[in-house]
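The values are calculated or read from the model by the stated rules, or taken from the named source; none is laboratory data. The model shown is predicted, which means the values in this text are computed figures rather than measured ones. Heads up, the Cβs are rebuilt from the backbone with ideal geometry, glycines too, and the neighbour counts pull from every protein chain shown. These area figures cover heavy atoms from the full protein model, side chains too; ligands, DNA and RNA do not enter into them. Shrake-Rupley method; radii C 1.70, N 1.55, O 1.52, S 1.80 Å.
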Amino acid sequence: QVQLVESGGGLVQPGGSLRLSCAASGSVFRIYATGWYRQAPGKQRDMVAVISGGTINYIESVKGRFAVSRDNAKNTVYLQMNSLKPEDTAAYYCYLRMAPGIDVWGQGTQVTVSS
């Protein structure tokens, strides 16, 4: 069974940076898509950045500030977040699509942007 473990969240001041990591354990034979979602209190979970095939998609509000990448040898996906804003505050969830309709989620890591 595949499990995802996120790390790297925390409290940062506006304008600061954080790097989230998500390591997959277990048997990962094929990855259809991977990336990050986020959920703020009282709001729905939204896509932040997803790698699918050779394409990377970002939500409009993070373009130019966030960068998603993956290390296939380590089964790890990263989210580099720069120029953080208070509105980026949310729980961030790692996501892995192993097959159509088969998604795995991490437990979430909290990112708080505040002075």
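Points to keep in mind about this one:
- The range 90-115: number of residues that are part of a loop (DSSP other than H, G, I, E, B) and open to solvent by less than 40 Å² (accessible area, probe 1.4 Å): 2
- Residue, modelled with the highest pLDDT, within the range 1-37, restricted to residues that are charged (D, E, K, R) and either open to solvent by less than 50 Å² (accessible area, probe 1.4 Å) or part of a strand (DSSP E or B) (or both): ARG19
Listed here are the residues, each with its yes/no results for (1) hydroxyl-bearing (Ser, Thr, Tyr); (2) closer than 19 Å to LYS43 by Cβ.
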{"residue": "ALA67", "(1), (2)": "no, no"}
{"residue": "ASN72", "(1), (2)": "no, no"}
{"residue": "ASN75", "(1), (2)": "no, no"}
{"residue": "SER83", "(1), (2)": "yes, no"}
{"residue": "ALA91", "(1), (2)": "no, yes"}
{"residue": "TYR95", "(1), (2)": "yes, yes"}
{"residue": "GLY101", "(1), (2)": "no, no"}
{"residue": "GLN107", "(1), (2)": "no, yes"}
{"residue": "GLN110", "(1), (2)": "no, yes"}
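- Of residues in the range 59-75 being assigned to a strand (DSSP E or B), over 18 Å from VAL111 (Cα atoms) and not acidic (Asp, Glu), the one least open to solvent (accessible area, probe 1.4 Å): SER69
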